[in-house]
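**Q** Have a look at this one.
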């Protein structure tokens, strides 16, 4: 599920990628995923986390440590960390 990355990576854009990926995994609509709830509330396990990080890396072109999913539990927090990785800043 590769999506074209926009010119400027924003938290909102990354949240949308996360919501779409989780929705695909969970057979839900992206709008049903609250970006401020912990991803574990949706049943995200380590295998799903690795899959999500792979999607984010593919989409952003940045290396993202899979452990960040557990350190940044919500889609919004994960998106903020991903944007920092794209910008070359510490997450």
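Read the figures in this text as sums done on the coordinates, not as results from a lab. Everything numeric here is computed off the predicted structure, so don't read it as measured data.
**Q** Provide Rg and Dmax in Å for the chain, with only Cα atoms included in the calculation.
**A** Reported Rg and Dmax, both Å: 11.6, 34.
**Q** Which value at 222 nm does the chain reach when only helices count, each DSSP H run of 4 or more adding -39,500 (n - 2.57), with the total divided by all residues and rounded to the nearest 500 deg cm²/dmol?
**A** Counting only the DSSP helices, I get -16000 deg cm²/dmol.
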